[in-house]
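Heads up: the structure comes next, in structure tokens.
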Amino acid sequence: MESLDTDVAIEAPEHIVFSYRVAGPGRRAIAYLIDLVLCYGSVCVFSVIVLFALGGAGAFSGAVEGLSGLGIGLILLALFAAQWIYFAAWEGVTGRTPGKSALRLRVVTTTGRPINFTDAVLRNTLRAADALPNAYVVGLACMALTRRFQRLGDLVAGTMVIIEAKTTAAMPLRLWPPATPDELMNVPEHVAFDADERAAIELFLRRRGALGPPREWELASTIAPAFEERFGFRTPNPVRTLALLYDAAVNAGRSEAPPSSRVPDSYRSPGEEPPA
Amino acid sequence: MISAVTESAFASRRQGDWSRLEQLAHRFSLKGYRGFTTPDIVLIAPLYRDVCADLAAAQAARYSAPLVEYLQNLAATTHTILYGVRAGEGRATRAEGGGSFAAALTAFPRAVRSHYRAMLLSAALFLFPFAVGSLVAFYNPDFAFRIVPEDTLRPLTEAYLKGFDGGRAAGEGATMAGFYVNNNVGIALRCFALGIFGGLGSAFYLFDNGLSIGAVLGYVASQGAGANILTFIVGHGSFELTAIVLAGGAGLSLGWSVVSPGTKTRAASLQATGKDVAVIAFGAAAMLLLAAAIEAFWSGSSIPSDVKRGVGGVLWALVLSYLVFVGRENKKAVRSWT
């Protein structure tokens, strides 16, 4: 699989290398706007509730001024929380804000691990620098200059924002309908594709259902003749030709049962004793 | 030649484990580590390692790209979950709470002392304009109007002239507490964050705040309310003014780590210093929360001036000795052992 330049490869302790897709400015801006609406929206709702509740209570006890003073104090605290605490608290606890989870984004360290509370507070305190002079211009410039789209806050905290992959299992392709005895007779035994050819045919076969028969036929007939010539195998239907060749390339010589269920070859050569 | 199973046989045999791991990952994304029961925790590590093995097998057997990609995503997602738990950060210690708070209490003054040069520079950047501002405004009151608008200064001065015998109106304290938190803590955090531009942002905030606070002080004193404003400031000033200097110093350190990274790359130096001075910035923010409470409910109250000054002096001594002495290693004891 070809890596895009927005991928960051991480090697796990299991010596497995996998890549994270780093989120660009567009996605992150949308997530940010969602968060702004959510958190300042809730500040508004909170303010209205506080003012009504305290105003109502004040009307009974006759201490309107004192209580509305308390109300304004609470609203100012809520504004402070919206600006400095909302993002840090969400990311510190869950690794993502509601806006980020709506866009399937997650903040991780540059080594692919979840961030801790210090990282979360640090990267969000540095928003003050990234937001300068207006509309996150500094942050955008910084993201453009770094490989992992990091703004200043990410650089200081050692974090990056990744797009979480959808985890849906891909079903292996199956030849349908199964090969007829006649086809089995004619399909060549050794079909070797290079990686590009194989990927192209596979993509085509996976998209078959979405294409419509005439378009399917048309696409297949542009590519099938080259393979028909190479492998000396031909059917009346180019789509079927590709499917059969692909099946032969992928499954020929492979068993349906896992190795462990097969009788293992004896590791004893004749005349040798088994290890005690 | 190694004989591999067909892709469909491979997938159907392993599918059960994959979907179990997928379920665990999904539960984590909803609830974090709290979503896991003990059997889940026992299960997730072997499942993850099996998926790593499956991924290696799928790549070696050249199975189709979507399958390899799926396994890779599953492994990456689980890797994020498994390798996130750091020692001492688990649920138990967080629930206990006490341990980490005590650790933070000593980590803060230690971090301050290890960056003492930046702190002294920050203090100078704050105190010099403060002294100049207050002296110039005291002898030449019109100077203060260039820095703080006259419309703000005059009512302020009248309030200080009146003194605080009347205390604050009911509810005013709460409003002011909210205002001080929103305004002062915000200034300190910004003062820290903008230090990343080579320390210039912090220097600007320190200079600006020093000059305006000094000018206000000098002007109010020149109008004959000097004793009143000092009585007002002394209580919360120990926390507030110190915290601004500390936040600025943390910002200066951050900026200096970019300007002069030493043997590290600039990014690595920034990151290391960032983790280091974060404690100072958060400590300063906590100090400002305290200062806001004191300023709103104590400094402006009708408590007698002598009490305010006495308590204020004690607070200054406490804050400074906390920063200088708490968390010091006992070097003599260490020496006697070596």
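The values are calculated or read from the model by the stated rules, or taken from the named source; none is laboratory data. None of the values given here were measured: they were computed from a predicted structure. When we count neighbours, we look across all protein chains shown, and the Cβ atoms used for this are built from the backbone with ideal geometry, even at glycine. These area figures cover heavy atoms from the full protein model, side chains too; ligands, DNA and RNA do not enter into them. Shrake-Rupley method; radii C 1.70, N 1.55, O 1.52, S 1.80 Å.
Structural remarks
- Convex hull volume per residue in cubic angstrom - Cα atoms of chain B: 243
- Among B:79, A:190, the sequence by solvent-accessible area, most first, with a 1.4 Å probe is A:190, B:79.
- Nearest 10 degrees, 0 to 90: helix A:238-251 Cα axis against chain A principal axis: 90
- Cα centre as origin, Lys/Arg/Asp/Glu Cβ charges: chain B dipole, Debye: 1060
- Gyration tensor over alpha-carbon atoms, the range B:236-331, equivalent ellipsoid semi-axes in Å: 34, 15, 9
- Whole-percent P(r), the range B:1-61, all Cα pairs, 10 Å bins from 0: 20, 45, 23, 10, 1.
- Pairs of lysine residues in the protein assembly as shown that meet both criteria, 8 or more places apart or on different chains and Cα atoms under 21 Å apart, total 5.
- Going by accessible surface with a 1.4 Å probe and the largest first, B:222, B:12 read B:12, B:222.
- Alpha-carbon geometry of chain A: the Rg and the Dmax are 30.6, 106 Å, given in that order.
- Accessible area (Å², 1.4 Å probe, nearest 10) - residue B:147: 50
- Over chain B, accessible surface divided per residue gives 49 Å², non-protein components excluded, 1.4 Å probe.
- Accessible surface of chain B [probe 1.4 Å, protein heavy atoms]: carbon and sulfur percent: 64
- Sorting A:148, A:198, B:117 by solvent-accessible area of protein heavy atoms yields B:117, A:148, A:198, largest first, with a 1.4 Å probe.
- Equivalent ellipsoid semi-axes, the protein assembly as shown, via Cα gyration tensor eigenvalues times 5, rooted, Å: 66, 27, 23
- Computed label-point distance, nm, for sites residue A:104 and residue B:45 using a 7 Å Cα→Cβ extension: 3.0
- For chain B, the residue among B:255, B:188, B:177 whose Cα projects farthest onto the positive side of the dipole built from Cβ charges is B:255.
- Degrees between helix B:98-114 axis and first principal axis of chain B (Cα, 0 to 90, nearest 10): 60
- Comparing Cα centroids, the range B:102-142 and the range A:174-217 end up 75 angstrom apart.
- Working note: 222 nm ellipticity from helices only, DSSP H runs with n ≥ 4, each -39,500 (n - 2.57), summed and divided by the residues of the protein assembly as shown, gives -22000 deg cm²/dmol to the nearest 500.
- Dipole of chain B [Lys/Arg +1, Asp/Glu -1 at C-beta], most positive-end residue of B:147, B:131, B:46: B:46
- Solvent-accessible surface of chain A, taken per residue with a 1.4 Å probe and all protein chains present: 55 Å².
- Whole-Å distance, taken between Cα centres, linking the range A:27-58 and the range B:14-69: 39
- In Å², nearest 10: area of residue A:217 left accessible to a 1.4 Å probe: 120
- B versus A: buried accessible surface, summed, Å² (probe 1.4 Å, to nearest 100): 5600
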